[in-house]
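Inspection log for the structure reproduced underneath, given as structure tokens.
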Amino acid sequence: MMLTLFTMLGSLALLMFGMKSMSEALQKMAGPQLRHALGAMTSNRFTGLLTGSVVTASVQSSTATTVMTVSFVNAGLLTLAQAISVIMGANIGTTFTAWIMALGSSFDISIVSYVGFFLGIILIYMKKHRYVGDFLFGLGLLLLGLTTLRLTGQKMDLGNNPSVLAFFNSFDMESYWTILVFLLLGGVLTFCVQSSAAVMAITMLLCGSGAMPIYMGIALVLGENIGTTITSNLAALSANTQARRAALAHMFFNIFGVLWILIVFYWFVDAVVWAVDYIGANLLHQDMASMSTDKKLTFTLAAFHTGFNVINASILIWFIPQIEKFVCWVIKAKKVDEEEDFRLHFITAGFMKTPELSVLEAQKEIRSFGERMQRMFGMVQELLNLSSSQTNKEKSVEADFVKLYSRIEKYESISDNMELEIAKYLESVSDAHLSDDTKGKIRAMLREVSELESIGDACYNMARTINRKYSAKADHFIEKQYSHLHQMMGLTDQALTQMNRLMGGRKESFDVNRTFNIENEINNYRNQLKAQNIVDVNNHEYTYAEGTIYIDLVNECEKLGDYVVNVVEARMGTRQRD
């Protein structure tokens, strides 16, 4: 008995690991293309529904589709309404898994699994096609798990086990309480094992053996639909507002679907059973009455799962604006002071499920890092203006100066924290099995965060230099110096703008020569100002000490420009300069 039990558990483990391997392999093969398709093919709610269905059926993971969708919402590429339609489609696409299980539970497909292992291992050792090999190996594990589970179920002969039959017969099938109990059980099991596929496999095993009536099995399937949304909502607790809204929308339309299906439960199940019989008799030319119980009931479960989600999506797709308003009303955006917000916006522990998609979140976090550094540089420019605004240093001006300088100090601390947190996240992602392209992206991103932190240091150094001059009650720079500093800072800000334009777009459409031209302008202007500074000091236009502070600011701007170019080179994949 123990051997049979562990065989069943082991076959479930094979099934779950096989699905995970297939999903990750497909995302490695077509991750960027899938993301671009998801972003481009959601012009309206219907194309969003279709896209979500196709992408989820392709990668065999509704979680992966949901994560990609939320990523686009955060980046502003999709509205929340478009995201809701895609997640609705993911609900339909994930039912494709049930059909694979129905086929695997009804027919002997073990030979296909062994062919998958054989071809997979050959392709894995051929580096060019190893992701296809990973997919075939995962498919083989999935089919072997299904085959083993089917054979184990036959060996257990649950349909003739008095104890099992007595347990299920103790429930009144005419009572809605029985349906509610099994619905709750399905939700709890799915939440505990973190896999609706595993619970679906168990349900098909019990129904296919004749041990559990079809009504109870379908109640378990309904519970799985709710259980899988609990997992995503708990994972999204640490995520940002839009991620939590998308997760709540997912739970809302699954719970809504369960509520309306309970009203017509017995009629709907009978209609599905009739449809399976009709299709088998008229389209497949097979007498379903003569078909074995395991084949008929497993196909009935798959048909119900698909039919329920398709009808539910068909109803709710017309009410997406109302669902959007509802989730926005329930989960209100937090008003967070930018300077006090040390939390990363896009990277959230526990929410990201696959390394390939985690990289997308890290890229957006780095983009936010770059924008924050440009805001910090804008504060430095404002600090310079305040330092020159009043000769007599009025109290109000002095208070504004001190407050702004404190903000710049806080930004410098934030930049240090962001570098460490993003680098730590990327290192944890790099521990997983990644494609060569993704490994290269991670190396580039680690270089980017290092250079962005250096930009923060340069900004802080300029602020300290300005503060030192201001606190010493020294004379102001002359008008010519301020004019030169503003021109130098203007060039530096242009470089930062070009960098953030690259971070927020696609590198194929970015003109990198523009960045290099700005850097050359900064370098040439720095050399010109240094030469002019020597002349001005000799002509006693200002003191040597004032000239030193002035050139320190000019040099920091030039260094900052170099860091910007390093970020651009890292993102473009070009060689680091000497």
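The figures follow:
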{"quantity": "Single unsatisfied condition, Leu344 versus (1) open to solvent by 30 Å² or more (accessible area, probe 1.4 Å); (2) of a type outside the set (Phe, Trp, Tyr); (3) at pLDDT below 85", "calculated": "(1)"}
{"quantity": "Any pair with Cβ under 7 angstrom, 6 or more apart, that starts in region 225-244 at a residue that is at pLDDT below 70 and ends at one that is open to solvent by less than 30 Å² (accessible area, probe 1.4 Å) and aliphatic (A, V, I, L, M)", "calculated": "Ser232/Ala247; Ala236/Ala243; Ala236/Ala247"}
{"quantity": "Matching residues in region 509-536 - criterion: being over 18 Å from Tyr563 (Cβ atoms), open to solvent by 30 Å² or more (accessible area, probe 1.4 Å) and of a type in the set (A, V, I, L, M)", "calculated": "Ala531, Ile534, Val535"}
{"quantity": "Close pairs (6 angstrom Cβ cut-off, 6 or more residues apart or separate chains): open to solvent by 50 Å² or more (accessible area, probe 1.4 Å) in region 303-332, assigned to a helix (DSSP H, G or I) anywhere", "calculated": "Val310/Ile92; Glu324/Leu80; Glu324/Ala81"}
{"quantity": "Residue in region 184-199 that is farther than 20 Å from Ile92 by Cα, buried (at least 24 other Cβ atoms within 10 Å of the Cβ) and in contact (Cβ under 8 Å) with a residue 40 or more places away in the chain present", "calculated": "no"}
{"quantity": "3 or more residues modelled with pLDDT under 85, open to solvent by 20 Å² or more (accessible area, probe 1.4 Å) and hydrophobic (A, V, I, L, M, F, W, C): qualifying helices (runs of 4 or more DSSP H) within region 74-180", "calculated": "96-106, 110-125, 130-156, 162-169"}
{"quantity": "Cβ-Cβ under 8 Å pairs, at least 6 apart or on other chains, region 481-510 side under 19 Å from Leu452 (Cα atoms) and of a type in the set (A, V, I, L, M, F, W, C), far side open to solvent by 20 Å² or more (accessible area, probe 1.4 Å) and not in a helix (DSSP H, G or I)", "calculated": "Leu502/Phe510"}
{"quantity": "Residues within region 200-223 that are touching a Phe, Trp or Tyr at 6+ places or on another chain (Cβ under 9 Å), outside any helix (DSSP H, G or I) and either free of Cβ contacts under 8 Å to residues at least 24 places away in the same chain or open to solvent by 10 Å² or more (accessible area, probe 1.4 Å) (or both), tallied", "calculated": "1"}
{"quantity": "Residue in region 483-496 that is in contact with a Gly (Cβ under 9 Å, 6 or more places away or on another chain), closer than 17 Å to Met376 by Cβ, surrounded by fewer than 20 Cβ atoms within 10 Å (Cβ to Cβ) and not hydrophobic (A, V, I, L, M, F, W, C) present", "calculated": "yes"}
{"quantity": "Boolean, Arg506 is open to solvent by 20 Å² or more (accessible area, probe 1.4 Å) and either in contact with a helix residue (DSSP H, G or I) (Cβ under 7 Å, 6 or more places away or on another chain) or closer than 15 Å to Asn566 by Cα (or both)", "calculated": "no"}
{"quantity": "Filter pass, Ser406 being loosely packed, with under 14 Cβ neighbours inside 10 Å, under 27 Å from Gly547 (Cα atoms) and modelled with pLDDT of 90 or more", "calculated": "yes"}
{"quantity": "Boolean, Lys441 is touching a helix residue (DSSP H, G or I) at 6+ places or on another chain (Cβ under 8 Å), open to solvent by 20 Å² or more (accessible area, probe 1.4 Å) and in contact (Cβ under 8 Å) with a residue 24 or more places away in the chain", "calculated": "yes"}
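The values are calculated or read from the model by the stated rules, or taken from the named source; none is laboratory data. Everything numeric here is computed off the predicted structure, so don't read it as measured data. Counting neighbours? That spans all protein chains shown, and the Cβs are built from the backbone with ideal geometry, glycine included. In case anyone asks, the SASA skips ligands and DNA or RNA and just uses the protein heavy atoms, side chains included. Shrake-Rupley method; radii C 1.70, N 1.55, O 1.52, S 1.80 Å.
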